[in-house]
Amino acid sequence: QKDAGDYICDSGDEQTVASLVVKALPVVFTQPLQNQQAEEGGTITLSCEISKSSAAVQWKKAGTVLRPSEKYKMHQAGSVAELTIRNLSGADA
């Protein structure tokens, strides 16, 4: 949106002004999450890719926002977002 604003063409004798509005494109998933299977006690990483590398993602389970902890590690490099879940149990399904 930093390109939005008023632009002026100035000939020295006259000016003409135009206003530019830049519409933000929605963030879409270019690579969605995939279903996974893992063994109890193990570690798994869920990964997805978004269309804008500058967009932040939020990880949730059953509507609850997950926070970084010993169990959950979140990582985002450019457009790829990853969630690593450690010490898996039946409650993590």
- Message: If I build a Gaussian network model for the chain, linking alpha-carbon pairs within less than 10 angstrom, which residue out of G63, G12, G41 has the largest mean-square fluctuation?
- Response: G12
- Query: With the dipole of the chain worked out from charges on the C-beta (+1 for Lys and Arg, -1 for Asp and Glu) around the Cα centre, which of A18, T84, T30 lies farthest toward the positive end?
  - Reply: T84
- Answer label for Cα Rg over 2.2 N^0.38 Å (calculated), chosen among (i) 1.79; (ii) 1.04; (iii) 1.32: (i)
- Cross-link pairs beyond the 21 Å C-alpha cut-off, checked among K2/K23; K23/K60; K23/K61: K23/K60; K23/K61
- Query: Can you list the aspartates and glutamates whose alpha carbon sits under 15 Å from that of K73, skipping same-chain ones fewer than 8 residues off?
  - Reply: E82, D92
- Relative to the Cα centre, what is the charge dipole magnitude of the chain, using +1 at the beta carbon of each Lys and Arg, -1 at the beta carbon of each Asp and Glu, and rounding to the nearest 20 debye? 620
- Message: Only sites in a loop by DSSP and with at most 16 other Cβ atoms within 10 Å count here; which GluC sites (Glu not before Pro) in segment 46-93 make the cut?
- Response: E70
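We did not get these values from a lab; they are worked out from the coordinates using the rules stated. Keep in mind that this is a model prediction, so the values were computed, not measured. Cβ atoms come from the backbone with ideal geometry, glycine included; neighbour counts cover every protein chain shown.
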